[in-house]
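Have a look at the structure below, then the notes.
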Amino acid sequence: MEFSEVVITRRSVRDFLPDPIPQEVLEEILEAGRLAPSAQNRQPWRYIVFTDNAEIKKLALNTGLIGLSNIFIRSAPCLIIACADTKKNVRINQQDYYLVDTAISFQQMVLAAWNRGVGSCWLAAFSEKKLRAYLRIPKSWRIVALSPFGYPADKKSLYSKTLTAFAGSKDRLPLSETVTFYPSEKK
Ligand SMILES: Cc1cc2nc3c(=O)[nH]c(=O)nc-3n(C[C@H](O)[C@H](O)[C@H](O)COP(=O)(O)O)c2cc1C
């Protein structure tokens with residue numbers, strides 16, 4: 001795909017075909033995350049990759065997905081948990097950059113995946129405490145996000161349609177509300 005097409009057509013995917021992601025595609029996705037920029041090039045991201053659907057199902061049932069609203073991950077053939085090692089953090093102007101760095105890296109993976117027709121959906125609604133215990137994640141790591149990855153199913157479930165409508169997922173603010181040119185032309 002053209003880069004602009006990747007950006008324009010990407011949407012959160014919550015319904016997946018069971019087909020596994022071929023190894024070379026998965027490697028391309030992970031490589032896109034690896035190449036991301038980060039503050040002082042500290043590369044704090046650490047990824048835990050699931051490619052066994054039975055393990056994803058277990059994870060979905062045992063790790064406190066908030067309000068069960070994210071239970072749709074159980075249909076995915078792949079799940080990636082994006083963590084950040086806070087030992088690699090850079091703090092500038094009272095801002096911790098490990099979250100920014102990891103988000104940039106993970107979003108590169110999301111776009112690289114979509115470029116190969118692989119859908120995903122950022123998830124924030126999970127219990128970090130439960131996931132941490134379940135996966136025995138090191139103390140210095142934070143869990144930043146997780147996302148299922150897989151080929152989109154032909155039909156969206158009523159559940160995912162409702163979620164999309166609830167979040168108003170198609171709406172975006174106009175540039176006039178989010179961008180200010182300086183100096184302003186208006187007097
Ligand atoms: C940081 C972040 C956290 C999100 N958490 C969730 C979540 O827990 N569950 C979910 O279904 N979608 C989640 N989403 C997906 C958003 O609802 C979605 O990106 C937004 O509605 C725009 O829709 P689109 O991705 O289809 O363009 C999250 C997205 C981001 C970036």
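The values are calculated or read from the model by the stated rules, or taken from the named source; none is laboratory data. All figures in this text were calculated on a predicted structure; none of them were measured in a lab. Here Cβ is always computed from backbone atoms with ideal geometry, including for glycine, and neighbour counts include all displayed protein chains.
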Test of understanding: among Ala124, Ala145, Ala113, which residue is under 10 Å from the mean Cα position of the chain (by Cα) and crowded, with 18+ Cβ neighbours inside 10 Å?
Ala145
Scan region 66-77 for residues that are surrounded by fewer than 18 Cβ atoms within 10 Å (Cβ to Cβ) and either part of a loop (DSSP other than H, G, I, E, B) or modelled with pLDDT of 95 or more (or both) and jot them down.
Ser69
State the number of residues belonging to region 19-37 that are out of contact with any strand residue (DSSP E or B) (no Cβ under 8 Å at 6 or more places or on another chain) and of a type outside the set (Asp, Glu).
7
One residue is enough: does region 116-127 have a residue meeting the conditions under 14 Å from Leu17 (Cα atoms) and in a loop (DSSP other than H, G, I, E, B)?
yes
Would you mind telling me which numbered condition in (1) within 25 Å of Ala112 (Cα to Cα); (2) assigned to a loop (DSSP other than H, G, I, E, B) Ile80 fails?
(2)
Here are some conditions: (1) within 16 Å of the ligand (Cβ to nearest atom); (2) over 20 Å from Ile137 (Cα atoms); (3) surrounded by 12 or more Cβ atoms within 10 Å (Cβ to Cβ). Ala32 meets all but one. Which one does it not meet?
(1)
Please find, within region 127-142, the residue that is farthest from Thr86 (Cα to Cα) out of those that are crowded, with 17+ Cβ neighbours inside 10 Å and in contact (Cβ under 8 Å) with a residue 40 or more places away in the chain.
Leu131
Mind listing whichever residues of region 4-51 are free of Cβ contacts under 8 Å to residues at least 12 places away in the same chain and not small (Gly, Ala, Ser)?
Glu5, Ile8, Pro22, Gln23, Glu24, Glu27, Asn41
Among (1) among the β-branched types (Val, Ile, Thr); (2) more than 15 Å from Ala39 (Cβ to Cβ); (3) surrounded by fewer than 23 Cβ atoms within 10 Å (Cβ to Cβ), the one test that Val118 misses
(3)
Meets criteria (among the β-branched types (Val, Ile, Thr), touching a helix residue (DSSP H, G or I) at 6+ places or on another chain (Cβ under 8 Å) and away from the ligand (no atom under 12 Å from the Cβ)) for Val118:
yes
With Pro174, Pro183, Pro148 as the choices, which residue is touching a Phe, Trp or Tyr at 6+ places or on another chain (Cβ under 9 Å) and not hydroxyl-bearing (Ser, Thr, Tyr)?
Pro148
Can you tell me how many residues in region 7-20 are hydrophobic (A, V, I, L, M, F, W, C), within 16 Å of the chain's Cα centre (by Cα) and under 25 Å from Leu158 (Cα atoms)?
2
So which of Ile21, Ile8, Ile48 ends up being more than 16 Å from the ligand (Cβ to nearest atom), at pLDDT 95 or above and farther than 22 Å from Ala125 by Cβ?
Ile21
Scan region 135-169 residue by residue and report those that are part of a loop (DSSP other than H, G, I, E, B) and closer than 19 Å to Ser69 by Cβ.
Ala153, Lys156, Ser157, Gly168, Ser169
